[in-house]
1. Pairs of Cα atoms under 8 Å, at least six residues apart: use those to get the relative contact order of segment 1-137, whole percent.
2. Using +1 at the Cβ of each Lys and Arg and -1 at the Cβ of each Asp and Glu in the chain, identify which of Met457, Phe54, Gly233 lies farthest towards the dipole's positive end.
3. When all alpha-carbon pairs of segment 235-415 are counted, what percent fall beyond 21 Å?
4. Are any of the pairs Lys21/Lys90; Lys120/Lys225; Lys273/Lys403 more than 19 Å apart by Cα-Cα distance, and if so, which?
5. Would you mind estimating how fast segment 207-262 diffuses translationally, via Stokes-Einstein at 20 °C and 1.002 mPa s with the Kirkwood radius over Cα pairs, in µm²/s?
6. What does the C-alpha gyration tensor say about the overall shape of segment 242-326? Classify as rounded when a/c is under 1.5, otherwise prolate if a/b is larger than b/c, or oblate.
7. Whole angstrom only: what separates the Cα centroid of segment 324-397 from the Cα centroid of segment 84-148?
8. For segment 308-368, would you read off the P(r) tail past 20 Å as a percentage of all alpha carbon pairs?
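Every number here is computed from the coordinates shown, using simple stated rules; none is lab data. Since the model is a prediction, treat every value here as computed from it, not as a measurement. With ideal geometry, Cβ positions are generated from the backbone for all residues, glycine too; neighbour counts draw on all protein chains shown.
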Amino acid sequence: MNTAEIISCEPATGAEIWRGKACDVDDIVARARRAWPAWAAQPLSTRMELVRRFANEVRKESEKLATTIARETGKPMWEARAEVEQVVNKVEISIRAYAERTSQRKLDSALQGTMAVRHKPHGVLLVLGPYNYPAHLPNSHIVPALIAGNVVIFKPSEKAPASGELLARCFNRAGISAAVMQFAPGGPAEGQAFVAHDGIDGVLFTGSANTGITINRKLATRPDKLVALEMGGNNAMVVWDTPKLTDAAALIVQSAFATSGQRCTATRRLILKSTMYDAVIAEVKALADRIIVGAPFDEPAPFMGPVIDNAAADGLTESFLYLLSHGGRAIKHLVRLRQSLPFLSPAIIDTTAMKDRPDVELFGPILQVIRVEDFDEAIAEANNTRFGLAASLIGGTPQEYNKFWANARAGIVNWNRATVNPSHAAPVGGIGLSGNHRPTGYYAADYCAYPVASGEMEQPRAVIGVGLK
Ligand code: NAD
C-alpha cells in the first residue's frame, strides 16, 4: 500500500487546497487493464457521444473548475476561465481530428480484393500532466486517447491535484467510468513507477525537458511502448522593421509575461534589430511597468499572478542574479513583491554581452533581450538553442518572413503573432529538446491509435505462376 501523501497549496495565500493519499500504482494499472477490452469494443459513436457529454459536464462545472484552477495555480480568474473553455473546445476538435487523421480507408488492391487501412487503440495510456495548465493540457491527451479506444490513467502534477480531480470527475459523471478514465494522484515517484510498469502501453507526457528525457531514457529499451513528449522551450521573438511599436510591445509583453511566464510557448529571448532597440525597449518597459501582479480574484483583475511556489520564485531569482553577474544588464529588475509568497514582478534583462548564455528554460517572468545587426544574425540567434518549440517574427517583409519560416527551427513559427496561445486545431509541438516529433493539438489523434493495413478478400484466391516444377 502506498502511504505517501500529496498536499497542494494555493500560491497566492499559502493555504492548503488539497490533501490526499498518493495512488497505488499496481491497483490502478490492474483496473485499467481489466477495463480496456470493453471500452475498445464500444462503437466509436458511443465513445464520441460520451466525450460530448463530458464537455457538457465541464460546462456545468465551469465556474467551479475555473475557481479551483485559479486558486491552485495562482493564475488570474479570467485566465482560468479561458482554460476551461479550451477544455470544452478540445472535444469537437478531437472528434474532427480523429475522423480526418485516423479514419478508415479502403484502397483498390489486386485481384478485386481491397486494402483496408484502419486504426486500433494502444491499450492503457498514462497521461502525466504539468501544473501550469492542469486541466487543458492533460485533457489534450485524454480526450483523443479515449476517442481512439484507449483507457487512460491520469496522473496530474503533484502541484495541481485538485484541478485534476475535478476534471476527472467530469469524465466520470459523463458516464466514462472511473476505471476507463482513472484519476491517479501522485508525485514523481508514482510517475516513475507507472512509466516502468509492464501494464502501461504508452506515456503521454507534458512537462519539463529534464523529466521527458528521464522518461525517454527509461523506455529506451522498450520500443513496444509509445512515448509522446511535449516539453519546454527557450523561445525567441525577433522584432524587425515595423512602425507598429505599440502592437509589437503588446505582443512581446503578452508572450513573455502571460501566466507569469509559466507557459511552454512563452517568449524567453527577444531579439531586436539594433536600430529599433531603444524605441522597442522604451515601449515594452512602459507597458511592463503597468502590469498588475496580484492574486487570482483581485479587483481590478491582475495581468499576472504568483509563480507556482516559493521554490520556483527562489530559483528564478537565482537565475536572474546569475544573468546579472555574468554580463547581463537589468532593464527591469526581478522583484519579490510579497514576503514569503511567490509573487514576482516582470523582469527584462539585456544579455547581449554575455558570453555563454545558459540555454535553459527559465519558467517564469524573465525576458532576455539580445541586440543584433542583421537579419541572418537574428535567425541564427533565434536558433541558438537546443529547444525548438515556438518562434515569432514581428515586422519584416513577406520575403523576410519566408526566410524566417524556412530557417527557424521550431514546431510553431508565427508572423506578427504572439508565441503563446497556439491553436489546438493545429498541431502543437516542437523539435529538439521540446518534443519527440509527436505533436499534440490536432495531431494527438496520430499517436493515440496505430494504423493497421489489411489486404482483404471474401474467399481465398491464389495461384503460383512461376518457379514450380
Ligand atoms: P515536470 O516535468 O516537473 O512534471 C510533469 C509531470 O511529470 C508531473 O506530473 C510530475 O509528477 C511527473 N514527473 C516528474 N518526474 C517524473 C519522473 N521521473 N518520471 C515520471 N513522471 C515524472 O513539469 P512541470 O514543472 O509540472 O511543468 C512545467 C514544464 O512543462 C515546463 O518545462 C513547460 O515548458 C512544460 N510544458 C510543456 C508544454 C508543451 O506543450 N510543450 C505545455 C505546458 C508545459
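1. RCO, segment 1-137: 21 percent.
2. Farthest towards the positive end: Met457.
3. Everything past 21 Å amounts to 46 percent.
4. The answer is Lys21/Lys90.
5. 149 µm²/s
6. Oblate is the answer for segment 242-326, as a/c is 1.5 or above yet b/c matches or exceeds a/b.
7. If you average the Cα positions of each part, the centres end up 36 Å apart.
8. Numbers: 369 of 1830 pairs.
Percent of Cα pairs beyond 20 Å in segment 308-368: 20.
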